[in-house]
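The block underneath contains the structure these notes are about, expressed in structure tokens.
The values are calculated or read from the model by the stated rules, or taken from the named source; none is laboratory data. Values in this document were obtained by computation on a predicted structure and should not be read as measured data. Neighbour counts are summed over all protein chains in view; Cβ atoms, including those assigned to glycine, are modelled from backbone coordinates with ideal geometry. What goes into the accessible areas is simple: the full protein's heavy atoms, side chains included, and nothing from ligands, DNA or RNA. Shrake-Rupley method; radii C 1.70, N 1.55, O 1.52, S 1.80 Å.
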Amino acid sequence: MKIKEYVSWQEVNKIVFIFDERNNDILKLEGLSADIWKKCVCENLSEEYLSYIEENFNVSRFEATQDKNDIINDLFTKEIIDNE
Amino acid sequence: MSNSVDISSFYNEAFKARQLGSLTIEVTSSCNFLCRHCYVDQSSNNFLEYETIIGIIDEARDLGVLDILFTGGEILLRDDILEIVTYAREKHIRVSLMSNSSLLTEDFVKSLSNLYISEFSTTLFSLDNEKNDFITRSRGSTHKIMKSLELLEKYKIPTRVKVPLLNINGDDYSLIEEYCNQHGFTCASSPVIFPRKDKGVEPLEHLTTNEQLSRIITSFREKDNDSFPIVFNKKERICKSLQYSLAIDSSGKVFPCNSFFYEVGNIFNDSLKNIWLESSKLREVQDMTNEQLNDCNDCIYNVWCSFCPGISFGENNSFLKCSFSAKRIAEVRYKCFGKEVNV
């Protein structure tokens, strides 16, 4: 997974803070969203993330996909999104 | 994305978790300017090796660092500074740079614009070339800095112009502020001068006069850039940022912050993680509360004072004693505004 070059991020207290340096904007992710981000970024997951989320958070595949898409927005490179 | 979140929410969480969130790395102590007020020991000529800096960045990322400030000396004296910044940005760490900007080139600034750094800070003392040259001890310094500022504006690099206020330029900040407003730069002026890192007091010879200080403090207040009086709470920690910051100098020494030269470790003897988690000296300064400030507890100026343990350490070799320069500013605040506020 490759994050866009203008993104900065760090986790603290299980909260993920994502900084869009290009637009000077900040996103705060908690719970499921934070976990999805970390799975995508740190463990290089693309397909496995859905089953991971289903197993760990008791949500449907549809909900998980929607949530991930919300997070990703334009923060990941386009080819990664296409690869899904 | 949400607009309601700001960077302080990250640091509030880092404070609660005691997580290292902010790191300053002095990549060299060498500088092509010899500024009269500078806290760096200007006879030193240290450079951290590239591999050492990369190792620090890796460790910092794992420890939870969000922001790294690369400072000097003059960072642009390193041929590899762009590679270092690129590496930190590839790790998705926020990067700020502190430079005198005199060595900036268009190619460098153009490359920087693709790295999305958070801030480029530079110092400008006066728009008067003679004054600027006198303080920097470098001929043509104003012209060089202004040319660099044009490049930073052209490539839309977020830029902060710092204006250390000395007795030489104490009345010049309004013009610089006006210039910054016209060009979209942040302007940060301050009359606070730090003793030299090796405890030399020469920088303090250039403190503003009392009359200049009154004008500066009054001007800050008129611009809502002054939040005094504060509440002096004995149970509060003396400095909140010590809970989430560290600084490493170009000889590997680790300090609680870039203005507090009390050595708490050395990266050539220990890992950053061990220093952050295990240093008893670091824990000592992190745990300090206002109650330990015996000189301040009964001082009538304490609610007007921006006490800094780092400055106190530089002035007194003790971080719990009254800071002469902080008290001086507090006295001026009290004299100027004490009557209008019922404290």
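Below is a table of values for the structure above.
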{"quantity": "Accessible area that becomes buried as B packs against A, both chains, 1.4 Å probe, Å², nearest 100", "calculated": "2000 Å²"}
{"quantity": "Heavy-atom SASA rank of B:H143, B:H92 (probe 1.4 Å, accessible area, largest first)", "calculated": "B:H143, B:H92"}
{"quantity": "Those lysines that a straight Cα-Cα span of less than 25 Å connects to B:K235, excepting residues fewer than 8 apart in one chain", "calculated": "B:K16, B:K281, B:K321, B:K327"}
{"quantity": "Extension gain from B:E150 to B:E83, taking 0.36 nm per residue of separation minus the Cα-Cα distance", "calculated": "21.8 nm"}
{"quantity": "For the protein assembly as shown, the Rg and Dmax computed from alpha carbons only, in angstrom", "calculated": "23.0, 70"}
{"quantity": "Among beta bridges that DSSP assigns inside region B:27-157, antiparallel share in %, nearest 5", "calculated": "10 percent"}
{"quantity": "Distance in nm between pseudo-label sites at B:T289 and B:S43 (7 Å out along the Cβ direction from Cα)", "calculated": "4.3 nm"}
{"quantity": "Of all DSSP beta bridges in the protein assembly as shown, antiparallel share, percent nearest 5", "calculated": "45 percent"}
{"quantity": "Most mobile of B:G314, B:G21, B:G184 in a GNM of chain B (Cα contacts under 10 Å)", "calculated": "B:G184"}
{"quantity": "Pairs beyond 23 Å (Cα-Cα), from B:K199/B:K273; A:K2/B:K240; A:K2/A:K38", "calculated": "B:K199/B:K273; A:K2/B:K240"}
{"quantity": "Within region B:250-343, trypsin sites (Lys or Arg not before Pro) in DSSP loop having at most 11 other beta-carbon neighbours inside 10 Å", "calculated": "B:K339"}
{"quantity": "Cα centroid of region B:202-254 to Cα centroid of region B:63-113, whole Å", "calculated": "25 Å"}
{"quantity": "Solvent-accessible area, 1.4 Å probe, carbon plus sulfur percent, for chain B", "calculated": "47 percent"}
{"quantity": "Karplus-derived HN-Hα couplings along region A:3-19 (A = 6.51, B = -1.76, C = 1.60, θ = phi - 60°), whole Hz, x at Gly and Pro", "calculated": "7, 4, 5, 8, 9, 10, 7, 7, 10, 8, 6, 6, 10, 9, 9, 10, 10"}
{"quantity": "Contact order relative to length of chain B, as percent, for alpha carbon pairs under 8 angstrom and 6 or more apart", "calculated": "17 percent"}
